[in-house]
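Below is one structure, written out as structure tokens; comments come after it.
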Amino acid sequence: MSLHELWEAAASSPFEPSIAKDSQIYIGFPLLLTGLVLAGLFGLNRSLTAVPLYAIPASLCFGFGAVYTICGAGVYV
């Protein structure tokens, strides 16, 4: 399949995000707040067992929350 054929095939199926543009800010902001709470809990209880319990979910919430909040506010990354 040539690049031109691939381009034409993709034109008939536009991209639709899994979370609608209007609700991205409502998903992103609670994720940021959850990440902040989990990071605070990790800061209070630094141990090896707290890493999978608080640190990993906090980093995921911050990452996804930041992207959804930025996209919901109208700044595209």
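The numbers here are math on the coordinates, done by the rules we state, and not lab data. These numbers were taken from a predicted model, which means no experiment stands behind them.
Quick rundown of the values:
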read-out	value
Region 21-73: equivalent-ellipsoid semi-axes (sqrt of 5 x gyration tensor eigenvalues, Cα, Å)	25, 8, 6
Helix runs (DSSP H) in the chain reaching 27 Å along axis by Cα, Kyte-Doolittle at least -1.0	24-44
